[in-house]
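The values are calculated or read from the model by the stated rules, or taken from the named source; none is laboratory data. All values derive from a computational prediction rather than experimental measurement. Please note: Cβ atoms are built from the backbone with ideal geometry, for glycine as well, and neighbour counts cover all protein chains shown. Only protein heavy atoms, including side chains, enter the accessible area calculation; ligands, DNA and RNA are left aside. Shrake-Rupley method; radii C 1.70, N 1.55, O 1.52, S 1.80 Å.
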Amino acid sequence: MAKFEAGYFGARFSLYPMTDRYVPVIQDAIDGIHTRADSGLEVETDDVSTFIKGDRNAVWATLEGAFAKAARSCEHFVMTVLVSHGCPGEELCEIDPRTGTAEAAQPHPGAGVRVSCQWSLYPLGEPGYMDVIYTAIADTKDAGVFATGRHFVSHLDGDLDRVLGSIRRAFDVACESAGHVAAHITLSANSPTGKAS
């Protein structure tokens, strides 16, 4: 299990529906994020993105839930995510509560939602960063979601819950080695071009 040294944890995501109905699709995807009392999340939305921070399980479940809602609209939909742990310059977050672990139960609304994903991992300040990245890639292969390596990213395919679950496990493991870890994630569903080759 990851140690989660004292640091900050949160995510910032943006939603891109490829439809004239983009306003209701976005609003439905983030509906309830600001008002769910049980989540314990700090949430800030502006005209570009939504920031969430707090318990790791709640953050990852919120990301999965927002994308799953939008993808089930059957419109082509893309979400970009920046996840960060331990940013030394962050002044807006409290210390990571460290209550979320990769083994803890969490809802998986993304089961059955097929996605294509590209992601990159950044274990910042870690001299052996490539070993951390190779371990992350191996984890996605073991999980059966790795499709191929591409320039600057790993391409993953599979159900949303399995893809994000694999990324989350790799991210948590990276936090054991590096005090500041970031990841970029781009998810796509219902693309008219079909599965990328």
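Numerical summary
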quantity: Residue match in segment 123-145 (condition: open to solvent by 50 Å² or more (accessible area, probe 1.4 Å), among the aromatic types (Phe, Trp, Tyr) and not in a helix (DSSP H, G or I)); calculated: no
quantity: Flag for Ile26 being in contact with a Leu (Cβ under 6 Å, 6 or more places away or on another chain) and open to solvent by 20 Å² or more (accessible area, probe 1.4 Å); calculated: yes
quantity: The lone exception for Val81 - which of (1) closer than 16 Å to Leu41 by Cβ; (2) buried (at least 18 other Cβ atoms within 10 Å of the Cβ); (3) at pLDDT below 95 it fails; calculated: (3)
quantity: Top-ranked residue in segment 42-72 [being open to solvent by 40 Å² or more (accessible area, probe 1.4 Å) and part of a loop (DSSP other than H, G, I, E, B); ranked as farthest from Arg168 (Cα to Cα)]; calculated: Asp47
quantity: Close pairs (7 angstrom Cβ cut-off, 6 or more residues apart or separate chains): closer than 14 Å to Phe171 by Cα in segment 135-160, part of a loop (DSSP other than H, G, I, E, B) and open to solvent by less than 20 Å² (accessible area, probe 1.4 Å) anywhere; calculated: none
quantity: Qualifying residue in segment 182-194 (condition: open to solvent by 40 Å² or more (accessible area, probe 1.4 Å), at pLDDT 95 or above and not small (Gly, Ala, Ser)); calculated: yes
quantity: Filtered residues of segment 154-170 (kept if closer than 24 Å to Ala70 by Cα, open to solvent by less than 40 Å² (accessible area, probe 1.4 Å) and either part of a helix (DSSP H, G or I) or of a type outside the set (D, E, K, R) (or both)); calculated: Ser154, His155, Leu156, Gly158, Leu160, Asp161, Val163, Leu164, Gly165, Ser166, Ile167, Arg168
